[in-house]
1. Of everything in region 65-98, what is crowded, with 21+ Cβ neighbours inside 10 Å and in a loop (DSSP other than H, G, I, E, B)? Give them in sequence order.
2. Filter region 62-81 for residues that are within 13 Å of residue 139 (Cα to Cα) and over 13 Å from the mean Cα position of the chain (by Cα) and give the result.
3. Can you tell me which residue among 197, 216, 242, 255 is touching a helix residue (DSSP H, G or I) at 6+ places or on another chain (Cβ under 7 Å) and either closer than 18 Å to residue 160 by Cα or at pLDDT 95 or above (or both)?
4. From the list 288, 266, pick out the single residue that is part of a strand (DSSP E or B), touching a helix residue (DSSP H, G or I) at 6+ places or on another chain (Cβ under 9 Å) and either on the phi < 0 side of the Ramachandran plot or without any contact (Cβ under 8 Å) to a residue 24 or more places away in the chain (or both).
5. Which of the numbered conditions does residue 55 fail, given that it passes all the others? Conditions: (1) surrounded by 15 or more Cβ atoms within 10 Å (Cβ to Cβ); (2) over 21 Å from residue 309 (Cα atoms).
6. Considering every residue within region 19-39, establish whether at least one is closer than 15 Å to residue 322 by Cα, surrounded by 14 or more Cβ atoms within 10 Å (Cβ to Cβ) and modelled with pLDDT under 95.
7. So, residue 156, is that one touching a helix residue (DSSP H, G or I) at 6+ places or on another chain (Cβ under 7 Å) and buried (at least 16 other Cβ atoms within 10 Å of the Cβ) or not?
8. Residues of region 154-165 being under 19 Å from residue 104 (Cα atoms) and in a strand (DSSP E or B), which ones?
């Protein structure tokens, strides 16, 4: 009972935090609101929490990290999830496989952000407990690239993205005090110990802190041209821009102040960004921002059904990840086929005939 009371307290407190700056919508008008209709589920078995999604250079996937510490890949031919990677070679499969118990995450691992470097085929993983990892092409046990910086061990490695031109990896550490299973405490206390924004250079194998003292730094997205990187600062309900190139290189600024709390950030390859958000009203799950930080679209579902941690757009199809759900949601413009026939994503045949269409 004490645990339930504690959880309820923090849920109420979190609700107050994420709603204290809601105000008016940033969207220009009602026409920018996109209401999600039918979507397809790609169900997970025994595990949950597909926090982030990635597709490899050949368009295969999605790949996603789940609750038992593994990275899984969706196989369209067999219509099933298969294991692609594990965080360590000595991971205890008996204890970990199929687990959804937060208490063993520090042993089993918990992959959050994931992203491919398409030229090399390497998959970079931000594991909440093991730090920044890399999986070689073909999968298998990951290798640890960075477990800490400036004499301190990472506590909650979270978001990651890769500059596809340079191969430089950008990632976040959300807190120096709290682990992932204690994330609510980090939010509730407005913890500002996140080292956040770091850069790992594969050429030098060195990690450098770019920004620090942020309040729950979260998702990361490199711009299409690689001239800047966005990072979500969840507790402050904003997205920051860190300049990599040009006269402002090395400086940062507020890219967008949001009415809701941001999670993962993803570029759509067209100079725009999707930001997954946690909202206490209107069932909002995502916002699309242009290159100047202006809201061009608000994504809304019909009824509450858990949080959305990522919105990713590929050729008009939206892929939704969630740290809570036991499935990946796919929404396309066509109500008949959830997957577009494109090289970047699976074909419509990848879902079984019994796959259920549901309403968000």
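The values are calculated or read from the model by the stated rules, or taken from the named source; none is laboratory data. Note that the structure is predicted; figures quoted are calculated from it, not measured. In this analysis, Cβ positions are derived from the backbone assuming ideal geometry, glycine residues included, and neighbour counts consider all displayed protein chains.
1. Residues satisfying the conditions are 66, 67, 68, 69, 70, 87.
2. Hits for region 62-81 are 70, 71, 72, 73.
3. Checking each option against the conditions leaves just 216.
4. 288
5. Just one mismatch for residue 55, condition (2).
6. Yes - at least one qualifying residue is present in region 19-39.
7. Judged against the criteria, residue 156 is a match.
8. Of everything in region 154-165, those that are under 19 Å from residue 104 (Cα atoms) and in a strand (DSSP E or B) turn out to be 157, 158.
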